[in-house]
Amino acid sequence: MIHILVDSNNTNQFIIFSNEFFLLSSMSSMNILRKCTYLFIIVCVTTRSSLADEFELEEFLKREYSLIKPYRGLGFSSSSQWDLMGTAVITPDYIRLTPDSQSRQGAVWSRIPFYLSDWELKVHFKIHGQGKKNFNGDGLAIWLTKERMVNGPVFGNMNRFTGLGIFVDTYPNAEKQHDRAFPYVSVMLGNGTLEYDHDKDGRSTELGGCTAMIRNSVHDSFLLIRYSHNELTLMTDVDGKQTYKECASVSGLRMPLGYYLGASSATGDLTDNHDLISLKMYQLTVERDLEEEGEEEVLLPRVDNMDQFHVDVQEEGMTAVQIFVTVLFTAMGLGVLGVVGLILYGRWKENKRKRFY
Ligand SMILES: [Ca+2]
């Protein structure tokens, strides 16, 4: 017969056997029993804590912003939180943004505007194909942008986008790049006017990046993008060690809320399969100091103290509409003044004539 005892703190459970059983037992079996009990307790405690960790992590996983297997109803059902675009297709194990064939563009975009201010996004993907090294392309991109569902030349998305772009560039377009090996992962922040230059692999607008040997790898590829306290950190886990290495870090980066998450890819003359396996978004709970609480709303993405994000505010100048309205009201004002002046002059003249008589 087995009794289960719960200790006073109600945290651990112990199992004891009833007295009848002990009478029949020898000392050696008691020793075995004691060892089994200790083992049982250890298993109980460790299982409980690992379950707690998992639960804690799950709690912060934001399912509405995540894309996880099975991709039920994705892109088709009205309740789906994601839209598919172009050549993107769903399989049971991944979303293939482009197949290993020429001139394809595919994307997946969230339908829900994104309102987390501190977050962490884990991207699980695979890029593979028949082409030999450096005869493959073009790569994929992860987005958090104002615009969505527009195709174009930046890894299957529009140029002059507004927001964040993380690029996994698998083909070196620019010549003489002895200082960097491809595939190259990088960060760009667009403000609607900055342009990604494909011929230079986006060097002029890059905020940071690193080489990551992800193509045709036996290991799965992971990116981790963390945004907290206005600092963006990009990390990679590409060699199967289950550890993230820092790739880029940008502080003073300001992101507006209400943008859309997406992933896109494109092939040109050179090709690859670009497979997205999951996007897992976690909310980070952070404490904010008074200064951060008082920060005004960010309307346009920018990085503090960076010239390329400096927007000229014409305090003295006026727009065409403002000039027109000003001229119109000035003319009307002068007209009214003129009429009043004439009336007053007429009356003054009249009075003067009356007084004269
Ligand atoms: Ca490139």
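The values are calculated or read from the model by the stated rules, or taken from the named source; none is laboratory data. As the structure is a computational prediction, the values presented were derived from the model and not from experiment. Positions of Cβ are generated from backbone atoms using ideal geometry, with glycine treated the same way; all protein chains shown enter the neighbour counts.
General remarks:
- Just so you know, in the range 188-199 the residues that are touching a helix residue (DSSP H, G or I) at 6+ places or on another chain (Cβ under 7 Å) and assigned to a strand (DSSP E or B) include one that is nearest to the ligand (Cβ to nearest atom), and it is M188.
- Single condition V327 does not satisfy, out of (1) loosely packed, with under 11 Cβ neighbours inside 10 Å; (2) modelled with pLDDT of 80 or more; (3) under 26 Å from E147 (Cα atoms): (3)
- Residue in the range 138-152 that is within 16 Å of the ligand (Cβ to nearest atom) and either over 25 Å from N216 (Cβ atoms) or part of a helix (DSSP H, G or I) (or both) present: yes
- The one condition from (1) away from the ligand (no atom under 15 Å from the Cβ); (2) at pLDDT 95 or above that N159 does not meet is (1).
- Restricting the range 115-137 to residues that are closer than 19 Å to V187 by Cα and within 14 Å of the chain's Cα centre (by Cα) leaves a set whose member that is nearest to the ligand (Cβ to nearest atom) is V123.
- Sole exception among (1) closer than 16 Å to Q308 by Cα; (2) in contact (Cβ under 8 Å) with a residue 12 or more places away in the chain; (3) of a type outside the set (A, V, I, L, M); (4) away from the ligand (no atom under 13 Å from the Cβ) for S204, by number: (2)
- Residues being more than 18 Å from G165 (Cα to Cα) and not basic (K, R) - total across the range 222-246: 8
- Tally, over the range 56-107, of residues that are small (G, A, S), crowded, with 16+ Cβ neighbours inside 10 Å, more than 22 Å from M158 (Cβ to Cβ) and modelled with pLDDT under 95: 0
- Some residue of the range 221-237 being modelled with pLDDT of 95 or more and more than 18 Å from the chain's Cα centre (by Cα): no
- Pairs with Cβ under 8 Å, 6+ apart, first in the range 156-172 and within 14 Å of L207 (Cβ to Cβ) and of a type in the set (A, V, I, L, M), second in a loop (DSSP other than H, G, I, E, B) and away from the ligand (no atom under 16 Å from the Cβ): L164/M255; L164/P301
- Any hit, the range 32-44, residues being modelled with pLDDT under 55, more than 25 Å from L164 (Cα to Cα), out of contact with any His (no Cβ under 9 Å at 6 or more places or on another chain) and surrounded by 13 or more Cβ atoms within 10 Å (Cβ to Cβ): yes
- Scope the range 167-187; condition more than 14 Å from the ligand (Cβ to nearest atom) and assigned to a strand (DSSP E or B); matching residues: V187
- The range 207-220, subset of a type in the set (A, V, I, L, M) and within 16 Å of the ligand (Cβ to nearest atom), residue farthest from the chain's Cα centre (by Cα): M213
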